[in-house]
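I have placed the structure first, in the form of structure tokens, so that the comments after it can refer back to it.
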Amino acid sequence: MKDIKVSVICITYNHEKYIRRALDSFIMQKTDFAFEVIIHDDASTDGTAGIIKEYAEKYPEIIVPVYETENQYSKGVRFTQCLIEMARGKYIADCEGDDFWIDENKLQKQYDIMENNPNVSIVVGRVQCCKENGDYLDVFYPSSKYTFNSSQLIRKKDVVKIIYEFGYPFQTSSFFTKKELRQNLYTREFFLYMNGDESIIREALVEGDLYYFHDIISSYRLNSVGSWTQRFKDVSVENRALHNLRYLYGLISFDNYTKKEFREYIYKDIIRSISGCGYTDKKMFKELRKYFHIKSLDILKDRGLKSYILYILSIFNPRLVKRLIKLRYQKKQTNH
């Protein structure tokens with residue numbers, strides 16, 4: 001049996017139109033080590049599973065298929081934890097079935113950085129977006145507002161500042177981490193509340209530094225069928241508020257877990273999230289009172305009167321805000 005160094009985790013659902021490009025981009029990787037591709041099909045209703053089977057038969061030493069008979073995502077099952085435990089590699093690379101890699105040396109470059117820099121916990125790279133049909137766009141992660149003009153090591157304090165002051169800059173298809181990091185992540189409370197990519201990058205910040213490749217190494221497909229972004233567009237106003245509430249829980253949980261090490265930056269994200277959430281429950285109400293300070297209003301000075309009002313009400317009268325959210329949703333449904 002080969003000594004697998006890297007395990008690629010690929011999750012897919014109804015990606016019949018895209019999955020071949022993803023699989024081809026994995027197979028084309030040129031490495032001096034063995035790697036595997038664990039690909040999870042979440043009970044697709046199109047031809048995705050058949051294509052995976054075709055590749056598994058053609059490349060049995062690389063492709064490790066996992067087929068579901070019932071959709072796990074709809075049940076709220078976070079199955080990536082099981083895939084990580086299956087992985088034989090020392091490192092984990094991510095790419096969903098509607099995205100793909102561009103650089104044939106992606107894995108080798110990231111592997112070499114990890115092997116030679118023990119303090120690095122995650123390696124990411126530049127990602128070019130493409131249309132649903134695969135045509136490239138002049139849109140990138142990180143975007144031009146970030147001053148990443150070359151490949152570089154970024155210390156965790158600087159990464160934290162970037163994330164909490166400018167927003168989330170990286171894209172999952174470029175992620176390369178230690179398997180141990182991912183196993184540790186599943187024991188953290190904040191993982192329960194945040195999306196996978198958000199929680200991965202935060203766990204990485206706790207464990208070490210980040211290395212960024214300015215090379216374009218992968219592509220993120222916009223508006224693909226079955227993507228999280230597409231599904232979220234159809235979510236009700238109230239459920240969007242609940243989603244934001246969960247994110248707030250995640251931020252506070254991460255703040256507690258890191259013993260306030262990054263409080264200076266997390267605080268700003270918490271305040272902004274409160275103003276955009278418009279919904280708190282009793283438990284969150286008590287937590288938010290700890291974070292309230294008159295200076296927090298300065299953080300919202302560029303967000304207008306609505307953000308001020310939502311922030312104050314979310315802190316001091318969450319029940320009223322919940323009613324307003326429901327009325328807004330009902331009005332929207334009536335108009336449709």
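Among the residues examined, residue 8 does not qualify as farther than 20 Å from residue 172 by Cα, part of a strand (DSSP E or B), in contact with a strand residue (DSSP E or B) (Cβ under 9 Å, 6 or more places away or on another chain) and modelled with pLDDT of 95 or more. Taking each residue of segment 11-27 that is over 19 Å from residue 175 (Cα atoms) and looking for partners that are aromatic (Phe, Trp, Tyr) with beta-carbon atoms closer than 9 Å, six or more apart or interchain, yields 13/73; 18/100; 20/55. The set of residues from segment 123-175 being under 14 Å from the mean Cα position of the chain (by Cα) and surrounded by fewer than 16 Cβ atoms within 10 Å (Cβ to Cβ) comprises 167, 168. In segment 176-193, the residue that is surrounded by the fewest Cβ atoms within 10 Å (Cβ to Cβ) out of those that are among the hydroxyl-bearing types (Ser, Thr, Tyr) and over 13 Å from the mean Cα position of the chain (by Cα) is 187.
Which residues, taken from segment 128-154, are part of a loop (DSSP other than H, G, I, E, B) and under 16 Å from residue 223 (Cβ atoms)?
From segment 128-154, those part of a loop (DSSP other than H, G, I, E, B) are 131-135, 142-151; that's our starting set.
131, 132, 133, 134, 135 - these are the residues of segment 128-154 that are part of a loop (DSSP other than H, G, I, E, B) and under 16 Å from residue 223 (Cβ atoms).
Being under 21 Å from the mean Cα position of the chain (by Cα) and in a helix (DSSP H, G or I) is the filter here, so list the residues in segment 51-77 that pass it. Hits for segment 51-77 are 73, 74, 75.
Being over 22 Å from the mean Cα position of the chain (by Cα) and either within 22 Å of residue 176 (Cβ to Cβ) or surrounded by 21 or more Cβ atoms within 10 Å (Cβ to Cβ) (or both) narrows it down to one of 80, 48, so name that one. Give the derivation first.
Values: 80 fails: over 22 Å from the mean Cα position of the chain (by Cα).
Among 80, 48, only 48 is over 22 Å from the mean Cα position of the chain (by Cα) and either within 22 Å of residue 176 (Cβ to Cβ) or surrounded by 21 or more Cβ atoms within 10 Å (Cβ to Cβ) (or both).
On the basis of being part of a loop (DSSP other than H, G, I, E, B) and not hydrophobic (A, V, I, L, M, F, W, C), does residue 125 make the cut?
Numbers: part of a loop (DSSP other than H, G, I, E, B): no; not hydrophobic (A, V, I, L, M, F, W, C): yes.
Criteria not met by residue 125.
Look at segment 48-70: where a residue is over 16 Å from residue 86 (Cβ atoms) and a partner is aromatic (Phe, Trp, Tyr), sitting 6+ places away or on another chain with Cβ atoms under 6 Å, you get 49/67.
The values are calculated or read from the model by the stated rules, or taken from the named source; none is laboratory data. Just so it is clear, the model here is predicted, and its values are computed rather than measured. A quick note on method: Cβ atoms are made from the backbone with ideal geometry, for glycine too, and the neighbour counts reach across all protein chains shown.
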